[in-house]
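S.K.: Below is one structure. I have some questions about it.
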Amino acid sequence: MTLIKSISGIRGTIGGAPSENLTPFDIVSFVSGFASWLKSNVKANHYKVVVGRDARISGAMVQSLVNQTLVGCGIEVLDLDLSTTPTVELAVIDLKAHAGIIITASHNPKTWNALKFLNSDGEVIDAKSGAEILSIAQRKDFNYANVDELGKITPVKNMMESHVASVLALSMVDVNAIKEKRFKVVLDAVNSTGGIAVPLLLEALGVQVIRLYCEPTGLFPHNPEPLKEHLSELSEKVVEEKADFGIVVDPDVDRLAFVDETGEMFGEEYTLVACADYVLSQTSGNTVSNLSSTRALADVTEVHGGTYFSSAVGELNVVEKMKAVNAVIGGEGNGGIIYPELHYGRDALVGIALFLSLLSKNDMKVAALKASYPNYFMSKAKVVLSPDMDVDRLLLKIKEQYQDKNPTTIDGVKIHFEKAWVHLRKSNTEPIIRVYTEAESQTAADSLAERFTTELETLN
């Protein structure tokens, strides 16, 4: 069982002992810390915080604790209940709230849940604020409201519909062109809130939707991370239905991947590549992705005359870099699309709309579109951490061994070889070291990942 405290929130497995897992005690403590931080840093007579959750089994329990803790702190809860991460982010802006809390463990299995904290711009809080909240929670520096100053819970309906309307209103989304194509797609929403939000968008665009696991029960039918090894049913269904392509989102709908018309993965790494290709074809500008993302984005950006920049892993880091270089689109190779014209947050709905616009304007099949991009191959492995493992020492040893390659160290260690790269970093969401590689063949990428996984285990 695990509890991970990071600058952007708290994530852990449900049940067990306090301070070791995500228990009711920990939920109340961290939400109380967040409320104290909010009141210290934002001046208002009446505080409002948007709260929403994905459909995982523990969500209702966690949200009840979150909501009532905020009420006890004298804060009004704008309760979206079942929602998506990008919907909550937009709701903070639309409802003029002072902050937001998203209850989701993203791609983690059903045993996990998490609290993700947002600022008044609907963006992930910065590192300084995150550290302050962690410190307040550790000190138990709370001051709850008296009986006459308790907050209240205000249910808010139709925010997913509002989110869809905002996507459709974007100038870059060619609604008429998409409708003319009369696409047919299969959607796998892993029985979470994507099963509500994504069909709303697709049907508004005239797309026929074949639903696969779209009931928001929280009973994930397979590992919810949108990777090839988890999507055999989606691939088979696309071929069986003779669909134009398949769509899969993670439980909170901030990650997006596609399956082509033959049942082959388009590749989560290429979700951002395709969306950026479309945006850059319509407007000039720069792009950003994290260090673990494919180099294909840099290639496509340069073709369109833009400049590519990389950042440390994590939505917060990508957003900060995007703002610094005025990027027109960015995101992460895990299928996370960030399109600033809508908001600075990973958003599968806007990714779907941009992808459909690209297909409509290019009049291409999905397999042909993938074949038009630089063909790189990635391998994603991991080394499970034991409690006594000194990760910083391990990564320092790797850096020293490959000093002649001038490794990048802004986030773990990234080593560039002539025709490949490897990125080693401690995960922000799981007790593991992630080992990402990219090369010109799958065999080469897998071999490089195996080599560095072995080196890490040997050094330990």
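The numbers here are math on the coordinates, done by the rules we state, and not lab data. All values reported here derive from a predicted model rather than from experimental measurement. Positions of Cβ are backbone-derived with ideal geometry, glycine not excepted, and every protein chain shown enters the neighbour counts.
S.K.: Which log10 I(q)/I(0) values does region 49-113 give at q = 0.22, 0.25 Å⁻¹ under the Debye formula, counting every alpha carbon as one identical point scatterer?
M.R.: Per q value, in the given order, log10 I(q)/I(0) is -0.86, -1.04.
S.K.: Tell me the GluC sites (Glu not before Pro) within region 358-460 that lie in a loop according to DSSP and have at most 14 other beta-carbon atoms within 10 Å.
M.R.: GLU418, GLU440
S.K.: Which whole-Hz ³J(HN,Hα) couplings does region 406-413 yield from phi under the Karplus relation 6.51 cos²θ - 1.76 cosθ + 1.60, θ = phi - 60°, glycine and proline marked x?
M.R.: 6, x, 7, 10, 6, 7, x, 9
S.K.: So which trypsin sites (Lys or Arg not before Pro) in region 192-257 are both in a DSSP loop and have at most 15 other Cβ atoms within 10 Å of their Cβ?
M.R.: LYS242
S.K.: What ranking do 405-411, 142-148 get when scored by the average of other Cβ atoms within 10 Å per residue, highest first?
M.R.: Ranking the peptides 405-411, 142-148 by packing returns 405-411, 142-148.
S.K.: I would also like to ask the following. What 222 nm value per residue comes from the helices of the chain, counting each DSSP H run with n ≥ 4 as -39,500 (n - 2.57) and dividing by all residues, nearest 500 deg cm²/dmol?
M.R.: -12000 deg cm²/dmol
S.K.: Whose amide H sits under 5 Å from the amide H of VAL186, counting only residues 5 or more places off or on another chain, with H placed in the peptide plane?
M.R.: Those qualifying (amide H under 5 Å, at least 5 residues apart or on another chain) are ILE210, PHE245, GLY246, ILE247.
S.K.: Then there's this: Explain nothing, just compute: Karplus ³J(HN,Hα) = 6.51 cos²θ - 1.76 cosθ + 1.60, θ = phi - 60°, for every residue of region 70-81 in order, whole Hz, x for Gly and Pro.
M.R.: 4, 4, x, 8, x, 10, 7, 9, 8, 8, 7, 6
S.K.: Another question, then. Of (i) 23.6, 73; (ii) 22.5, 75; (iii) 21.6, 67, which one was derived for Rg and Dmax of the Cα atoms in Å from the structure shown?
M.R.: Step by step, Rg and Dmax of the Cα atoms in Å for this structure corresponds to label (iii).
S.K.: Treating only the Cβ atoms of Lys and Arg (+1) and Asp and Glu (-1) as charged, compute the dipole magnitude of region 3-157 about its Cα centre; round to the nearest 20 debye.
M.R.: With only Lys, Arg, Asp and Glu charged at Cβ, the dipole is about 160 debye.
S.K.: Right, next: For region 216-254 and region 146-189, write down the distance between their C-alpha centroids in whole Å.
M.R.: Measuring centre to centre over Cα atoms gives 21 Å.
S.K.: Order these by the 10 Å Cβ neighbour count, fewest first: ASP54, ASP252, ASP388.
M.R.: ASP388, ASP54, ASP252
S.K.: Order these by the 10 Å Cβ neighbour count, fewest first: ILE247, ILE196.
M.R.: ILE196, ILE247
S.K.: Also, I was wondering about something else. List the residues, sorted by chain then number, that are 5 or more residues from ARG346 or on another chain and whose placed amide H is less than 5 Å from its amide H.
M.R.: none
S.K.: Apply the Karplus curve 6.51 cos²θ - 1.76 cosθ + 1.60, θ = phi - 60°, to the phi angles in region 351-357 and return the couplings in whole Hz, x for Gly and Pro.
M.R.: Using θ = phi - 60°, the values come out as x, 4, 5, 5, 5, 5, 5 Hz.
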